[in-house]
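Note sheet for the following structure.
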Amino acid sequence: MVPRRETGTAIPEVEGKMRTGSPKRRLAAGAALVVAALVTTTACGGGGDNGDKNEDGAGYNAALDKVVNASTKKGGTLKFVGKQDFDSLDPQRTYYGMTWDFLRFFTRTLVTYDTKPGEASNKLVGDLATGPAEVSEDGKTYTYKLRDGLTWEDGSALTSKDVKYGIERIWATDVITGGPAYIKQTLDPKGEYEGPYKDKSKDKLGLKAIETPDDQTIIFKLPKANGDFEQFLAMPTGAPVKQSEDTRAKYTQRPFSSGPYKIESRKANKSLVLVRNDAWKKESDPLRPALPDKITVTISANLEENDKRLMEGDYDLDVNGTGMTQSGRVSATQDHKGSIDNIQTSFVRYVALVHNTKPLDDVNCRKAVFYATDFAGLQQTRGGEVAGGEIANSVFPKSIPGHTDYDPYGILERKGKPDVAKAKAALKDCGQPNGFSTKITARTNNPGEVDAAEALQEQLAEVGIKVEVDPIDGAQSSSINGSPKVVKERGYGMIMSGWGPDFPTGQGYAQPLFDSRFIFENGNYNESEIKDKEIDGLFDEAIASTDPAKAKELYEQMNKRLIDNADWMPFIYEKNISWRSPRLTNVYSSAAYNGRYDYVSLGVVK
Amino acid sequence: MTAPLHEPTAEAAPSAAADPAEAGARKVEGRSLKQIAWNRLKQDKIALAGGVTVLVLALVAVFAPLIVGLLGHPPNEFHQEELDPLTNLPQGAFGGMSSDFLFGVEPNKGRDVFSRIVYGARISLLVAFLAAVVATVLGTLFGILAGYFGGWVDAVISRTMDVLLSFPQLLFIISLVSVLPDDLLGLTGSGVRIGVLVLVIGFFGWPYVGRIVRGQTLSLREREYIEAARSLGGGRRHILFKELLPNLVAPILVYATLMIPTNILTEAALSFLGAGVRPPTASWGGMLRDALETYEHDPMFMVFPGATIFITVLAFNLFGDGLRDALDPKGTR
């Protein structure tokens, strides 16, 4: 399972000073001149006040819990910019949160998240289906009725069989790679079905767990109840694909639209242009206002430059939704405060304490880390309370059921400051009264992560815990941090990283992190390597439960146990500063999409 | 001072006896090459200024703990109370410069920029100097062998140098650093990185020295005094190290001096790209990289390491240039 990592990366890309065959001294003198020029230009360019202020935005934090510039006016071009391209436009293959948000322009699913601001977005409503499923008494049968008038972009009718075919594609794991496998694991845990491309039946609809008695009805039969099953169907993996249009591995280049827009042009890592899909009928789709005539996405690698162009009005918003750079947010706070929102994401910044590395196998050594960490210092390093986020006390972020105020180490009580005396006492209990040595990894492409690791290094040194910081390439983290073998070989005791939920429930957030059955040889995210039968049992019980209140209680128990055992140390509930162009209408932050603006509702004034 | 380096010609080196041209003009008594060079160097004010700067930098690097103890804070100590809580930039003008923090503080972390510049000098100078030593030793050895023996020895060594000169050194070092283990040859942590940087920068630098030494040797070995040594029955070792090498010292010394600033820049570039020393060890290139994120709002944080690199490289180049002029009687000045 490949969970959703943050998508924005900000490694400064610069040309290296390559040595050529020219005389060395001339090169040295030339390079010295370059440095001098750099120094001079920055000295002159300082200040950053460019005078021309944008028209006023709707106000700081205006789009957090209400709709800014509500409008039904159609027309205009909505312009996105981003550093990182979509991972895939194939609904069954994407795993980036930003893509899931964006895909709603041309992809519909049986159910989807409500187009409402803030926490209200977490509610699932019918999209292709008339409403949420009728669930049988035992929680194993889900029945949906499809709306009337559903169409594909060629005008043909969209039926329940198209939905089934699209979902079947998840099983073709040799061709359809990259997407989440929740539906497959739930409907066919043993992996008996081979996928539509190897399907022997004539209509290629051989998957027994899904039935389509008629074109308007679809029934899912689960071998075991899973209270989050509808959440799985709301992910793009639950989207229909028309069999005659399925170009398999190439589908990502030109997916066939079921929504109000279709793809006009697509250049990977450069651009995407959407235009109206005339075959889409508004009557069949109460959720999507479909305001702009055209939608453009430009991929551009320089984050600072992107921020500047957003503020100058060349683009409307950042498609990655990872917040502005430090330099961008300083300018924006000074000059355009009405056009930014301080968004609470569902990301948690954490340090995994690797149980397989001595002496962190000892609970008291881990507790010493909790006591010695200056959470306020880490928070400041990541941007402070506004741009960084609030200090964390619970392994679950606030928007996920399972979060509580439980704070046995007094982190919130001391406002994040360390308790050196208790840390030393814990070290004594673990048989390391003078502290110990270990290593921490931090990803160089995540802005501020190495800084935070250095801060932690300084803080832990106060009690004698000597930490060596090993910056790693974020693109390789799944084979370094994600490989228990490599972690063991290199002797990493701590892994700093960030995590966001696949869907807003305890299972969607926590299972890859804490369930011992999710420890993999590669791409492992149970980085602490927690092997706790009680935690595993709590997952089974909570997932089987169809009562959200009961599940919440179980996840709260899980939180208490993880914190008591100091298994995994969260330190920040991440916030960011996001740019919202004054040109935009119908803007609001959607908790279901990790705090990003709800792209499908947006319009522009001109 | 901006002319490219002319390879010092053969006449640069021979002993005073062989070349009385200028030395004998004013005074009758003979002066050694050293004296001549020193006299010339003394008259070159710019080169002297460069030399003094280099000396000061070396002293700063050696006595870094003392200087920081007097004028700064420990280089890795966080002072986040010096930052604006909202923007995470230093409070106060000019990057938070004050009597307490002479060069201000870093954004986000609040570490003392002055202390980090001072400690950064240690890494920069150490790596640059040791790498120059490695390159000079290797270059001299192979250059002299290639020049003296000629034939297949020359062919092999010269082609090797060609290959190394066309090697994408920076990319190679970046990939090497990321695959090397943390513990190597008894070194740990930053020690490994420094060792690797020294060896790799030095290794890729030797062909530059090697070419010059080879060229010099080629012309020197035909000289009469070598002939004489040979006819008097001098062995190969004697001719190589007792006759040839002393006469190669001047160009080697000049080249080694001029190689240090290039190495400083290479080290800075590698640190800038994240392949230098490990955090939290301070390095100038690493500081420049950190400064990139906020240069618009906190330009001073970029100015200090940038200016330091600039001054250091300039000083070494001026000094090296002066040294070359002083050692080269045929120079135009």
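Just a few scattered comments:
- FRET efficiency, B:A228 to A:F520 (Cβ-Cβ, R0 60 Å, nearest 0.05): 0.20
- Looking at the stretch B:65-165, the GluC sites (Glu not before Pro) that sit in a DSSP loop and have at most 15 other Cβ atoms within 10 Å of their own Cβ are B:E77.
- Accessible area buried, both sides summed, chains A and B with 1.4 Å probe, Å²: 4700
- Largest GNM mean-square fluctuation across B:V163, B:V179, B:V113, computed for chain B with C-alpha springs under 10 Å, falls on B:V179.
- Calculated over chain A: convex hull of Cα atoms, volume per residue (Å³): 171
- Using a probe of 1.4 angstrom and keeping all protein chains present, the accessible surface of the stretch B:158-269 works out to 44 square angstrom per residue.
- Using a probe of 1.4 angstrom and keeping all protein chains present, the accessible surface of the stretch A:449-606 works out to 30 square angstrom per residue.
- Options B:A49, A:P401, A:I183, ranked by Cα towards positive dipole end of the protein assembly as shown, top entry (Cβ charges): B:A49
- Every Cα-Cα pair of the stretch A:346-576 was included, and the share exceeding 27 Å stands at 27 percent.
- For the stretch A:263-355, trypsin sites (Lys or Arg not before Pro) are listed when DSSP marks them as loop and at most 16 other Cβ atoms sit within 10 Å of their Cβ; the list is A:K270, A:K281.
- Separation of the A:N61 and B:Q35 label points, Cα + 7 Å toward Cβ, nm: 8.2
- Neighbour net charge for A:F80 - beta-carbon separation under 10 angstrom, K R +1, D E -1: -1
- For the stretch A:52-111, the set of trypsin sites (Lys or Arg not before Pro) satisfying both a DSSP loop assignment and a count of at most 13 other C-beta atoms within 10 Å is given as A:K53, A:K74.
- Taking the Kirkwood radius as Rh and the Cα radius of gyration as Rg, the stretch B:40-327 has a ratio of Rg/Rh equal to 1.07.
- Cross-link reach list, lysines versus A:K424, counting only Cα pairs under 17 Å and skipping chain neighbours closer than eight places: A:K367, A:K466
- The protein assembly as shown - mean residue ellipticity at 222 nm from DSSP helices (-39,500 (n - 2.57) per run, n ≥ 4, rounded to 500): -12500 deg cm²/dmol
- Solvent-accessible area assigned to carbon and sulfur over chain B amounts to 67 percent, based on a 1.4 Å probe.
- Inter-probe distance in nm under a simple model that places probes 7 Å from Cα toward Cβ, at A:D407 and A:K270: 5.3
- Of the complete DSSP H runs in chain B, those spanning 20 angstrom or more by Cα along the long axis with a mean Kyte-Doolittle score not below -0.5 are B:45-62, B:113-149, B:151-165, B:190-220, B:245-272, B:300-327.
- Dipole magnitude for the protein assembly as shown: computed about the Cα centre from +1 point charges on Lys and Arg Cβ and -1 point charges on Asp and Glu Cβ, it is near 2580 debye.
- Residue-span extension gain [B:K42 to B:E81] - 0.36 nm each, minus C-alpha spacing: 9.1 nm
- The Cα center of the stretch A:355-421 and the Cα center of the stretch B:218-279 differ in position by 57 Å.
- Only lysines eight or more places from A:K204 in sequence, or on another chain, were considered; those with a Cα closer than 16 Å are A:K161, A:K164, A:K242.
- Farthest positive-ward along the protein assembly as shown dipole, Cα basis, beta-carbon charges - from B:V68, B:P207, A:L303: B:P207
The values are calculated or read from the model by the stated rules, or taken from the named source; none is laboratory data. Computed from a predicted structure; not experimentally measured. Neighbour counts run over all protein chains shown; Cβ positions are idealised from the backbone, glycine included. The protein model used for the area step is the full one, side chains on, heavy atoms only, and it has no ligands, DNA or RNA in it. Shrake-Rupley method; radii C 1.70, N 1.55, O 1.52, S 1.80 Å.
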